[in-house]
Amino acid sequence: MKKILVIANPAASRGGVVKSLEKVRKLVRSHEPDVSFDFVVTDNPNHATNLAKVHAGEYDIVAAMGGDGTINEVAQAMVGSEQPFGVIPHGTGNDFVRSIGIPRDHRKAVELLCHGRTKRVDLGRVNGRFFVNAMGIGFDGRANYESLTVNPRWGPLIIPIAILRTLRFWKSTTMTMIINGETIRQPTYLIGIGNGWSVGGGLQLTPQAVLDDELLDVTHVGDISRLKIIFNLWRLKNGSLGELAEVSLHRSNKISISSDHPLPVHVDGEVLGLDVKQLDIQLFPAALNVICLPA
């Protein structure tokens, strides 16, 4: 009998995982009687990583139930392993599963987890921490932090509210980016780095990013007015932000970013820091074996 360990984060989706956990348990009992599931719940940050490290060898598959942050934590323990890694989505943004094509419906996600096939995807690493989908510096990093302070009752409006809050005060900051042998030093509004294409619940900041192409996509937004940002937010929905004069698009497997001023940074939707001054980013090809293909 196939054995699956599901590591669930009770804080994911602003506590929504707690309500869904019993539903998923019933779902697997009724629809997957030939698969053995064990569910464990995390107690604190990084607990998911430790649980995966300690118990992965006892199971055929290790899965994360939660959002991008939970996926990120479990993935830290699975880097370079042949063991299949799966996801039962339940987060605010669900950007990794959008990028890779895992269904957000629980029944379909469980069916894929039990019977699907794997493919290897790349991972990025920044200052020693791996990321599965994306990271953001500047405006993007601050908007992510603001989203964590918005009342959960706003639901799908959390991210738009966070963006509007950040627009009120965020200004361009001089950053130095070294990429593909080129040094770019200028006032910068944001830098988005994508292993996958989706951020912020389906926004396309790096629309051409592919999880297994051995490159990270980089969107660099220079000094741009608040008004121009507001009038062009719609471009994040169709991936056309690169058409603006202030925006340049790059692809690389190694990037260095620095600033004399503290920078807010997010990694897979979790705050890496609000006062980071140096970032060293590298791609690790085919580093994670993810269940994401139909049988």
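The values are calculated or read from the model by the stated rules, or taken from the named source; none is laboratory data. Just so we're clear, the structure is a prediction, and the values are computed from it rather than from any experiment. Glycine gets a Cβ as well: all are built from the backbone with ideal geometry, and neighbour counts include every protein chain shown.
Looking only at the stretch 166-182, decide whether some residue is among the hydroxyl-bearing types (Ser, Thr, Tyr) and within 13 Å of the chain's Cα centre (by Cα). Don't jump to the end; show me each part of the working.
From the stretch 166-182, those among the hydroxyl-bearing types (Ser, Thr, Tyr) are 166, 172-174, 176; that's our starting set.
Subset that is within 13 Å of the chain's Cα centre (by Cα): none.
So far as the stretch 166-182 goes, no, none of its residues is among the hydroxyl-bearing types (Ser, Thr, Tyr) and within 13 Å of the chain's Cα centre (by Cα).
Conditions tested, residue by residue: (1) buried (at least 23 other Cβ atoms within 10 Å of the Cβ); (2) not hydroxyl-bearing (Ser, Thr, Tyr).
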{"residue": "His106", "(1), (2)": "no, yes"}
{"residue": "Leu112", "(1), (2)": "no, yes"}
{"residue": "Gly116", "(1), (2)": "no, yes"}
{"residue": "Asp122", "(1), (2)": "no, yes"}
{"residue": "Met135", "(1), (2)": "yes, yes"}
{"residue": "Thr149", "(1), (2)": "no, no"}
{"residue": "Trp154", "(1), (2)": "no, yes"}
{"residue": "Ile158", "(1), (2)": "no, yes"}
{"residue": "Arg165", "(1), (2)": "no, yes"}
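State whether one or more residues within the stretch 125-139 are in contact (Cβ under 8 Å) with a residue 12 or more places away in the chain and assigned to a helix (DSSP H, G or I). Quick ask: steps written out before the conclusion?
Step one: list which residues in the stretch 125-139 are in contact (Cβ under 8 Å) with a residue 12 or more places away in the chain, which gives 125-127, 129-139.
Now narrow it down to the ones that are assigned to a helix (DSSP H, G or I): 139.
Checked against the condition, which is being in contact (Cβ under 8 Å) with a residue 12 or more places away in the chain and assigned to a helix (DSSP H, G or I), the stretch 125-139 yields at least one hit.
Report whether or not Arg235 is assigned by TED's automatic domain parsing to the domain that holds His266, more than 18 Å from Arg142 (Cβ to Cβ) and of a type in the set (Lys, Arg). Break it down stepwise before answering.
On the way: assigned by TED's automatic domain parsing to the domain that holds His266: yes; more than 18 Å from Arg142 (Cβ to Cβ): yes; of a type in the set (Lys, Arg): yes.
Yes; evaluated as a whole, the condition is true for this residue.
Among the candidates Gly192, Gly196, Gly242, Gly202, which residue alone is in contact with a His (Cβ under 9 Å, 6 or more places away or on another chain) and under 30 Å from Cys292 (Cβ atoms)? Show your work before the answer.
On the way: Gly196 fails: in contact with a His (Cβ under 9 Å, 6 or more places away or on another chain); Gly242 fails: in contact with a His (Cβ under 9 Å, 6 or more places away or on another chain); Gly202 fails: in contact with a His (Cβ under 9 Å, 6 or more places away or on another chain).
From the options Gly192, Gly196, Gly242, Gly202, the qualifying one is Gly192.
If you go through the stretch 185-203 one residue at a time, do you hit one that is of a type in the set (D, E, K, R) and closer than 27 Å to Asp122 by Cβ?
Initially, the stretch 185-203 is screened for residues of a type in the set (D, E, K, R), giving 185.
From the residues that got through so far, the ones that are closer than 27 Å to Asp122 by Cβ too are none.
No, because not a single residue in the stretch 185-203 is of a type in the set (D, E, K, R) and closer than 27 Å to Asp122 by Cβ.
With Asp280, Asp268, Asp260 as the choices, which residue is more than 22 Å from Asp212 (Cα to Cα), of a type in the set (Asp, Glu) and in contact (Cβ under 8 Å) with a residue 12 or more places away in the chain?
Values: Asp280 fails: more than 22 Å from Asp212 (Cα to Cα); Asp268 fails: more than 22 Å from Asp212 (Cα to Cα).
Only one candidate passes the filter, namely Asp260.
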>> I need the full set of residues from the stretch 151-169 which are of a type in the set (D, E, K, R) and modelled with pLDDT of 90 or more, in order please.
In response: Arg165, Arg168
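Return yes or no: is Thr149 without any contact (Cβ under 8 Å) to a residue 60 or more places away in the chain, out of contact with any Gly (no Cβ under 6 Å at 6 or more places or on another chain) and hydroxyl-bearing (Ser, Thr, Tyr)? Before the answer, list the steps.
Working: without any contact (Cβ under 8 Å) to a residue 60 or more places away in the chain: yes; out of contact with any Gly (no Cβ under 6 Å at 6 or more places or on another chain): yes; hydroxyl-bearing (Ser, Thr, Tyr): yes.
In short, yes.
Looking only at the stretch 53-72, count every residue that is closer than 14 Å to Val6 by Cβ and buried (at least 24 other Cβ atoms within 10 Å of the Cβ) and tell me the total.
Here is the first cut: in the stretch 53-72, the ones closer than 14 Å to Val6 by Cβ are 55-56, 58-66, 70-71.
Narrowing further to those that are buried (at least 24 other Cβ atoms within 10 Å of the Cβ): 62-66, 70-71.
Summing the residues that are closer than 14 Å to Val6 by Cβ and buried (at least 24 other Cβ atoms within 10 Å of the Cβ) in the stretch 53-72 gives 7.
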>> I need a count of the residues in the stretch 152-169 that are in contact (Cβ under 8 Å) with a residue 40 or more places away in the chain and within 26 Å of Ile255 (Cα to Cα).
In response: 1
> Would you pick out the residues in the stretch 238-292 that are within 17 Å of the chain's Cα centre (by Cα), under 18 Å from Thr219 (Cα atoms) and not acidic (Asp, Glu)?
Replying inline: Pro264, Val265, His266, Val267, Gly269, Ile281, Gln282, Leu283
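Any residue at all in the stretch 43-64 that's in contact with a Lys or Arg (Cβ under 9 Å, 6 or more places away or on another chain), more than 23 Å from Pro207 (Cα to Cα) and charged (D, E, K, R)?
Kept after step one, since they are in contact with a Lys or Arg (Cβ under 9 Å, 6 or more places away or on another chain), are these residues of the stretch 43-64: 58-61.
Now narrow it down to the ones that are more than 23 Å from Pro207 (Cα to Cα): 58-61.
Applying the additional criterion that residues be charged (D, E, K, R) yields 58, 60.
Checking the stretch 43-64: at least one residue is in contact with a Lys or Arg (Cβ under 9 Å, 6 or more places away or on another chain), more than 23 Å from Pro207 (Cα to Cα) and charged (D, E, K, R).
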>> Return the residues of the stretch 87-130 that are in contact with a helix residue (DSSP H, G or I) (Cβ under 7 Å, 6 or more places away or on another chain), basic (Lys, Arg) and under 17 Å from Leu203 (Cβ atoms); say none if nothing qualifies.
In response: Arg104
> Which condition number does Glu111 fail, the rest of (1) among the acidic types (Asp, Glu); (2) in contact (Cβ under 8 Å) with a residue 24 or more places away in the chain; (3) not assigned by TED's automatic domain parsing to the domain that holds Pro89 being met?
Replying inline: (3)
>> So the check is Cβ under 7 Å with 6+ separation or different chains; which pairs have a first residue in the stretch 27-48 that's over 15 Å from Asp60 (Cβ atoms) and a second one that's loosely packed, with under 14 Cβ neighbours inside 10 Å and at pLDDT below 90?
In response: Phe39/Arg25
